[in-house]
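Asks: Have a look at this one.
The values are calculated or read from the model by the stated rules, or taken from the named source; none is laboratory data. The shown structure was predicted, so the numbers you read here are calculated from the model rather than taken from an experiment. Every residue, glycine as well, gets a Cβ built from its backbone with ideal geometry; the counts of neighbours run over all protein chains shown. Accessible surface is based on the protein model in full, side chains and every heavy atom, while ligands, DNA and RNA are left aside. Shrake-Rupley method; radii C 1.70, N 1.55, O 1.52, S 1.80 Å.
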Amino acid sequence: METRAAPRAARHPRGKARRGSILGTTPLTGRAVVAASVAGILCLAFTGPARAQPDAGAPATAAEARTLLDRYCVTCHNERLRTAGLALDAVDPAQVADAPEIWEKVVRKLRTGMMPPAPRPRPDAATYAGIVGYFETALDRAADVRPDPGRPAVQRLNRTEYANAIRDLLALEVDARTLLPADESGYGFDNIGDVLSVSPGLLERYLLAAAKISRQAVGDPTLRPATAIYRTSPLLAQDGRVSEDLPFGSRGGLAVRHHFPLDAEYEIRVALRGRARAGHRLEVRLDRGRVGSFDLGDRAPLAVRIPVTAGTRLLGAAFVAQIGRSLPVDGRPAPPPITSFAFTLYPNAPSVERIEVVGPFDGRAPAETPSRQAIFTCTPAGAAEERPCAGRIVESLARRAYRRPVTAADTDPLLAAYDAGRDEGGGFDDGIRWAIEALLVSPKFLFRVERDPLDAPPGAPYRIADLDLASRLSFFLWSTVPDEELVDLAARGELSDPAALEQQVRRMLADPRSQALVENFAGQWLYLRNLRSVAPDTTRFPEFDDNLREALRRETELLFGTQLQEDRSVHDLLRADYTFVNERLARHYGIPNVYGNHFRRIRHGDDRRPGLLGHGSVLTVTSYPHRTSPVLRGKWLLENLLGAPPPPPPPDIPELGEEDTAAAPATMRERMAQHRASPACATCHAKIDPLGFALENFDAVGRWRAVEAGTATTIDASGTLPDGAPFDGPAAFRDALLREPWATEFATTVTEKLLTYALGRGLDYRDAPAVRRILRGARDDGYRWSSLIFGIVESKPFRMRRASDAGAAPQESGP
């Protein structure tokens, strides 16, 4: 039976003042513990987020807080020792506004009962709750009096946002990976303004990309024939249907979306791998219709020349599956794994190595394509109408690209480019192509700039303009430019109206473009993007092919996407009793009776794999190529689920988990115990390793196992959470994470990750009151995704900005 959050009837009525909205000041309390010992304080380096838990009694007073600090904390945190850089005897808990960074640090550790460590004396739960309640209430009130929403840096569109903007602006799909280099990441995401730098080399790539995109969008009849090559991975097993874009009854092959720039003839060529040929038939399809068929026994060239109308089209090549005939044939033994060298020597059935598209030949400018429909909002009837029509086209494009109404100062440079292009190229279309090229390299398109109001006092917070809010919303939920409806609403000053804002957020979440949250937010938060580069040892895991790599990623994306679509509680990511598998993934997991490449939703048959922690994607990216790593997995859990990333190891310590030698102990637990024997490692690894052990029943590619590899030793998956709570095995570990205080810890971490992604900057202590307020608003709604997203959109960091300080640079970065 599926586990769901509270029923819809219990949700907040939207459009009304909600508990936990940005105007609320409701205090919050929960369990707490006071840091006391030197060993324990070293763990303050696990800087976690501001925590929020259900109310658990009346907050303490400032005097009581002082007494508790003196009793449990000042022994180590004093002016003389300054353990972890804290001197709590030198700050006044009655004046938290004077040192909010210090008190937020204290609160971070109090929430989860991690301090003081055993066997130090610890207050009772009610005392913890009281002191945490006092500090959080005082900190939140101080933030209401002196809000600091931060000041994000100017943000360049990252590679993904650039491609999505081209799609929505010009109705043109481009592969940004071939046009632009990968972006740097910060705080776990590649949309962080501080790290999205601009180099001369990147500017040159933007110029080249703009020229290529403008030609593809408008159509350039002077294009000369060129060859585009699409390759399959040699580790892709092509013994069945490999893509939903290829027909049923097909085997292997490749399907791609290729842009044909002109109405012209193109030659499609296919190259193969594999030594066998006779008895196999290859089909070439365009937009799912067959345009070529080849009997491989004929040894004819695998090429077909066909007329194609300009536009982006689905091109595929695949073999006709031989129904009722299994491979291998002729009594030969089964082929070796595709990852082995021996596979290349086996008389394998043929597979598609690459598709080449050569052309255009005898091309002519297209009369109509989706891109031309998006661009040419008017068509001049004569020369006298060309300049006015160009002005309307340029204004429409600039309004969408610059994400606001435009003025002559915006359009004049683009029209100058139009004039130059028309004069040099000799036609209206050439002028528009030049204008588009100029628009795509304009800083007004490539950068998101939020300008301070002229009357804003230096350093003072202010509400951002509706047009800036529209951009923040669109890049948060869609990773692209706002659409016409959003810009129109913002231009009229109506977007900041609570009812209108809520309606737009709901509309945007229902739009297919919200898939960007799955691909970009979840893909980076959960390390799914790392699956592209993982390379499990082919000797130990010879069956790990690219079909499995893709299936692992798709499983987690489908689970996360379903959670968003069904507006589940974020806790369902941990406890979902269902998943999505195709035949390849089901075979990997040992699930019977699943056939075909199509993913389908199934229920788990036991308690091993529910939720994210049983997903092979997560388990693979947190392992080494040759074995599991409790260190990597524990670090991932602390950083991405519990919001307490460990500090980097000291410079003279071997990399995490790479301490093995030939004389290492037999079991992983023994090796980790040996590692923790080093005093330099013990403090942090005492927190990291037990969490990683919880997942030791899963091997380095996510398969279930009962004994340790290479031994007959039964795996010991027991451990303790940072607050000392014990567990034994992945199911008990998952259940422990769904109990307090860890259930709230997880919700808080998700909120912080989502807020970081939404703002495009890292969070710090000044954002902690906003995080707590978002969580209070979402708590009564079962921490549903919509509640967290609405809370972020309504929060001060999202809706406000700090003006530049007197004498500071107009667009300084930092929170």
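Asks: Has segment 95-102 got any residue that is in a helix (DSSP H, G or I), touching a Phe, Trp or Tyr at 6+ places or on another chain (Cβ under 6 Å) and crowded, with 23+ Cβ neighbours inside 10 Å?
Replies: Yes - at least one qualifying residue is present in segment 95-102.
Asks: Now, a different point. Just name the residue that is nearest to Pro741 (Cα to Cα) out of those in segment 611-641 that are open to solvent by less than 10 Å² (accessible area, probe 1.4 Å) and part of a loop (DSSP other than H, G, I, E, B).
Replies: Only one residue tops the list, namely Leu641.
Asks: Regarding Glu555, is this residue surrounded by fewer than 20 Cβ atoms within 10 Å (Cβ to Cβ), among the charged types (D, E, K, R), modelled with pLDDT of 95 or more and on the phi < 0 side of the Ramachandran plot?
Replies: Judged against the criteria, Glu555 is not a match.
Asks: Mind checking which residues of segment 474-505 are open to solvent by 10 Å² or more (accessible area, probe 1.4 Å), assigned to a helix (DSSP H, G or I) and free of Cβ contacts under 8 Å to residues at least 24 places away in the same chain?
Replies: Selection gives Glu485, Asp488, Leu489, Ala500, Gln503.
Asks: For segment 462-473, state whether one or more residues are small (Gly, Ala, Ser) and surrounded by fewer than 17 Cβ atoms within 10 Å (Cβ to Cβ).
Replies: Within segment 462-473, not a single residue is small (Gly, Ala, Ser) and surrounded by fewer than 17 Cβ atoms within 10 Å (Cβ to Cβ).
Asks: Looking only at helices (runs of 4 or more DSSP H) that lie completely in segment 106-195, which have at least 3 residues being touching a residue at least 12 places away in the same chain (Cβ under 8 Å) and of a type in the set (Gly, Ala, Ser)?
Replies: On the way: elements: 125-145, 159-170, 176-179.
Ranges flagged: 125-145.
Asks: If you don't mind, there's one more thing I want to ask. Has segment 518-529 got at least one residue that is part of a helix (DSSP H, G or I) and polar (S, T, N, Q)?
Replies: The first filter runs over segment 518-529 and keeps only residues part of a helix (DSSP H, G or I), leaving 518-525, 528-529.
With the extra rule that they be polar (S, T, N, Q), the set shrinks to 520, 524.
Yes, that holds for at least one residue.
Asks: Among the helices (runs of 4 or more DSSP H) lying completely within segment 359-438, list those that include at least 1 residues that are open to solvent by 40 Å² or more (accessible area, probe 1.4 Å), farther than 26 Å from Arg156 by Cβ and aliphatic (A, V, I, L, M).
Replies: Where helices (runs of 4 or more DSSP H) fall fully within segment 359-438 and carry at least 1 residues being open to solvent by 40 Å² or more (accessible area, probe 1.4 Å), farther than 26 Å from Arg156 by Cβ and aliphatic (A, V, I, L, M), they are 383-402, 408-425.
Asks: Which residues, counting only those in segment 195-250, are of a type in the set (Ser, Thr, Tyr) and under 28 Å from the mean Cα position of the chain (by Cα)?
Replies: So in segment 195-250, the residues of a type in the set (Ser, Thr, Tyr) come out as 197, 199, 206, 214, 222, 227, 230, 232-233, 243, 250.
Once the filter is applied, which keeps residues that are of a type in the set (Ser, Thr, Tyr) and under 28 Å from the mean Cα position of the chain (by Cα), segment 195-250 yields Ser197, Ser199, Tyr206, Tyr230, Thr232, Ser233, Ser243.
Asks: Would you say Val195 is in contact with a strand residue (DSSP E or B) (Cβ under 6 Å, 6 or more places away or on another chain) and over 22 Å from Pro769 (Cα atoms)?
Replies: yes
Asks: Output the helices (runs of 4 or more DSSP H) that fall wholly within segment 698-815 and possess 3 or more residues being in contact (Cβ under 8 Å) with a residue 24 or more places away in the chain and either open to solvent by 20 Å² or more (accessible area, probe 1.4 Å) or more than 24 Å from Ala138 (Cα to Cα) (or both), or say none.
Replies: 730-737, 742-759, 785-794
Asks: For segment 525-538, enumerate the residues that are free of Cβ contacts under 8 Å to residues at least 40 places away in the same chain and either touching a Gly at 6+ places or on another chain (Cβ under 7 Å) or not charged (D, E, K, R) (or both).
Replies: Arg529, Ser533, listed by residue number.
Asks: If you don't mind, another one. Can Leu235 be described as open to solvent by less than 30 Å² (accessible area, probe 1.4 Å) and either at pLDDT 95 or above or assigned to a loop (DSSP other than H, G, I, E, B) (or both)?
Replies: no
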